[in-house]
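The values are calculated or read from the model by the stated rules, or taken from the named source; none is laboratory data. It should be emphasised that the depicted structure is a prediction, and the values quoted were computed from it without experimental measurement. Here the Cβ is made from the backbone with ideal geometry for all residues, glycine too, and neighbour counts use every protein chain on show.
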Amino acid sequence: MNKGKLLVGGALLGVVVITALNSCRSIPRGATAVQPFDVERYLGKWYEIARFNYRFERNLNNVTANYSLNPDGSIKVLNRGYDQKEEEWEEATGKAKFVASPDKGKLKVTFFWPFYSGYNVIEIDPEYRYALVAGKDLDYLWLLSRETTMPEAVKQRYLEKARSIGYNTSRLIWVEHTK
């Protein structure tokens, strides 16, 4: 075998190993995805109530996520927010897939294929009005609601759960819905 083939083979193996290792860690330690999870009830529009300050959502308010079913069983994700500095709406379309079974709120989402990240519904109320969503690690967290607000009791319960997992909830940005 010549050196070129060996190098290419080694590089491909490295990519596979890194991808496998990253995909194993798709939910923070101590967090558990909701089960049973009803994707049909989860579909539709959600308002972002709070999040950490992510590069891809910087300066955004009025943020919503709209989930719909794709023909292949994956979930279309349409995120939309108003950039306060640029004074314009921004949108990003992605796709989510279940990591295990569709009755467990453990998904992976991509906005830049082939890179996926964890999207884990770790708390949801029985009526599917409010959700606490964890990312792949303690740097990603969202509080979501079907309305532009969330009752204080629900908010406090979700914040306490997040803190018990290890999240620093003082880092949360509280999203305004004015448009």
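Tabulated values for the structure
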| read-out | value |
| --- | --- |
| Hits in the range 24-65 - residues which are in contact with a helix residue (DSSP H, G or I) (Cβ under 7 Å, 6 or more places away or on another chain) and on the phi > 0 side of the Ramachandran plot | 30 |
| Complete set of residues in the range 101-123 that are of a type in the set (A, V, I, L, M) and in contact with a Gly (Cβ under 7 Å, 6 or more places away or on another chain) | 109, 121 |
| Residue list for the range 108-133, restricted to those being surrounded by fewer than 20 Cβ atoms within 10 Å (Cβ to Cβ) and among the hydroxyl-bearing types (Ser, Thr, Tyr) | 110, 117, 128 |
| Subset tally (residues that are under 12 Å from residue 46 (Cα atoms) and crowded, with 18+ Cβ neighbours inside 10 Å) for the range 134-156 | 5 |
| The range 157-179, subset outside any loop (DSSP other than H, G, I, E, B) and hydrophobic (A, V, I, L, M, F, W, C), residue farthest from residue 46 (Cα to Cα) | 165 |
| The listed residue being loosely packed, with under 12 Cβ neighbours inside 10 Å, of a type in the set (Asp, Glu) and part of a strand (DSSP E or B), out of 48, 91 | 91 |
| Residue count, the range 91-110 (criterion: at pLDDT 95 or above, out of contact with any helix residue (DSSP H, G or I) (no Cβ under 9 Å at 6 or more places or on another chain) and either farther than 22 Å from residue 51 by Cα or of a type in the set (D, E, K, R) (or both)) | 5 |
| Where residue 71 falls short, out of the listed (1) over 21 Å from residue 175 (Cβ atoms); (2) within 15 Å of the chain's Cα centre (by Cα) | (2) |
